[in-house]
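Following: one structure in structure tokens, then a few remarks.
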Amino acid sequence: MPSPPAPSVTVLGLGAMGSALAAATLAAGHPTTVWNRTPGRAEALAAAGARAATTVREAAVAAEIVVVCLLDHASVLEVLDPVADALADRTLVDVTTTTPEESRALATWAAEHGIDHVDGGIMAVPSMIGGPGAEVLYSGPRDAFDTARPVLDRWGQSSWLGDDPGLAPLYDLALLASMYAMFAGFFHGAAMVGTAGVSATDFARRAAPWLAAMTSELADYADVVDRRDYGGPGQQSLEFSDPSDILRASEEAGLATDVVAAVRALVRRQVDAGYGADGFARIVESIRNPGHDAGAVRADAEQPIVAGGTS
């Protein structure tokens, strides 16, 4: 029995990521239509066999699966709202970086117009699309995800997180928060050793294995955070973890202290509320309760966070 034809795909937005998605889709044999506000960006893809649409409506009606990769939530609605009728009964995959609430709002808009909507969070840079290591997180109705999956799997590992359309952007931004905070800490460290003439390259040779070793602690920290048991055995206390020495050394070297000061502020809120003997992971309560007395979270300390699953 012959294989079913490859689903047709439209990609709206040909920045670096949108172009990479379209190229991978086209290379996999899917009839591919592309559109961009600046027409010149479609030339390379058109030369490779894509159809370059001149209007959003032309692009929208050309395919079963419509992929949106634009600047932000406002630009997505600006582009899609005038052609909502042309998108009816199609599967819309939005991989634009948005907040969870913005993704939920787009899902509501799509449902009102009879459009199947899947939200995606791309955990890769454009050069990784279609190759090893690329992963894209998805959320929204499972049947819509399954419909689009023959295309989605062309980009990298496809991970469906659940029906709530806000889950993919939530994970996306949470993972990026972890990454940016780590890199900011590395940059601060590089600036510190740089005051003694040490290159960032030399510092990276020591920092990379150190940070990799520290990530082995994440599972233990996660268990502590989920159980809210910050006083258990083996935890390094907040009083010991206070980064004031790093702060003073940075000030003495004439460096900005924004990165370290932020961590110290989270620590001090808990120490000042009487939790200095608790473990370092307790700073998560400073993040969960911004602007509130750190001691107010004590009543919740015995209420664990229920772990969720993904498929």
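Read-outs: derived from the displayed coordinates by stated rules, not from any lab. Given the structure is predicted, the values throughout are model-derived calculations rather than measurements. Note that we place each Cβ from the backbone using ideal geometry, even for glycine, and neighbour counts take in every protein chain shown.
Observations, loosely collected:
- Segment 63-150: proportion of alpha-carbon pairs further apart than 18 angstrom, %: 40
- For segment 39-113 versus segment 233-267, the gap between their alpha-carbon centres in whole angstrom: 45
- Within the chain, helix-based [θ] at 222 nm, where runs of 4 or more DSSP H residues each add -39,500 (n - 2.57), nearest 500: -13500 deg cm²/dmol
- Against the main long axis of the alpha-carbon atoms of the chain, helix 218-227 sits at an angle near 80°.
- ALA47-LEU71 FRET efficiency (beta carbon distance; Förster radius 25 Å; 0.05 resolution): 0.50
- Full-extension gain in nm, ALA196 to LEU173, via 0.36 nm per residue minus C-alpha separation: 4.7 nm
- Efficiency of FRET between ASP226 and ALA28 - r from beta-carbon atoms, R0 45 angstrom, step 0.05: 0.70
- Kirkwood-type hydrodynamic radius, the chain: 22.3 Å, calculated from all non-identical alpha-carbon pairs.
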